[in-house]
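As structure tokens, the structure follows; a few thoughts come after it.
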Amino acid sequence: MKKTETKQSNYELQELQLEAAFSQVKSDMQEISIPKIDLTEFENRFEDIANQLWDAATEVGFFQLVNHGLPFSSITTGFSESKAFFDLPESIKGQYPLKNGSNAGWEYMEQVRPSTGVADQKESYQVTLPRMQGLWPNTKELTTFKTHILSLEHQAWQLGMKVLQCFAYKLGFEKNFFTVAHDRTQADYQSTLRLLHYLPISEDAELPENTWRAGAHTDYDCLTMVFQKKGQAGLQVCAGKDASIHQSWCEVEALDDVITCNIGDMLMRWSDDQLKSTLHRVRMPHKGENKNPRYSMAFFCQANKNVTIQGPKKTYPPISAEDYLKMRIAANFSR
């Protein structure tokens, strides 16, 4: 095996080993402050915002966006449409199945994390624009679903590109470097809007040991932006630049108009490991907590298929975004 191939294999193996190690450790919960980044007057404050984002992404691994400019009405409408979809009978949702390797369509408890070996207690619906043929509910089933979800997808992409401009600048790339790499007009576009419904938990449910709403994992994209609903707790992060040593988790408060973000494996690789992809999970409700359904939405900024991923320092061999994403998806789904 060539030296570059060995480095690439070791990189992926280390990710899985790290996930497995975290899932087995009974870790202490800590209060860690997740930085809030104010995007007000983005163009005028670009360098200051870029520095704040860089510090947050390298020191903590997670950050939250406030005054981000994405209309609150778009977020609330997205949640309404999401609930309407998941409320459909399984016989209808089943007409729009997640296609193998496509990251588009509906799945029910098919995601199995390497860290747990148990299916996440959730269902999801993925929107990846070039792959949606035959996967949209018709207007008789959901009158405005497609229109509103497409609008939210576009607005989330625009916000994601603003954030990635900052990281491009800090890495020494042209400001529009990642915008070109995530061109939503191209047929090989891969960024995904995921609607998530974490299942309600009955008092007498007998679940397998080590069951989570979403087991410990890192994301495999460049940037993830998570929309949550106030009062629907559960997201936990293993934050801090030395998290792999101390293995401490903290709760992330769910707030309506605050977008929680993290760096994914793809950007970690692209930054030659300067930006850290951070483990996170969604826990089951504690005793006495609300056991009703939990809803969230996530936008994953994933470079177009034909884009080559390699950092300025060339720490890792080049790999296409298509091959990288296929490898990561295959490791996280049961089929």
Among GluC sites (Glu not before Pro) in segment 238-317, those in a DSSP loop whose Cβ has at most 12 other Cβ atoms within 10 Å are E289
GluC sites (Glu not before Pro) restricted to segment 120-192 and DSSP loop, no more than 16 other C-beta within 10 Å: E141, E174
Accessible surface of K314 in the full protein assembly, 1.4 angstrom probe, to the nearest 10 Å²? 130 Å²
Please name whichever of W270, P293, V307 sits farthest to the positive end of the charge dipole of segment 218-318, dipole taken about the Cα centre and charges placed at Cβ: Lys and Arg +1, Asp and Glu -1. P293
Across all directions of projection, what mean area in square nanometres is found for the Cα convex hull of segment 88-212? 10.4 nm²
For the pairs K276/K314; K162/K230; K170/K305; K99/K122; K122/K162; K83/K287, note any where the Cα-Cα span goes beyond 20 Å. K162/K230; K170/K305; K122/K162; K83/K287
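The values are calculated or read from the model by the stated rules, or taken from the named source; none is laboratory data. Just so it is clear, the structure is predicted and the values come from calculations on it, not from any experiment. All Cβ positions, glycine included, derive from the backbone under ideal geometry; neighbour counts span all protein chains shown. Quick note on the areas: whole protein, heavy atoms, side chains included, nothing else; ligands and nucleic acids left out. Shrake-Rupley method; radii C 1.70, N 1.55, O 1.52, S 1.80 Å.
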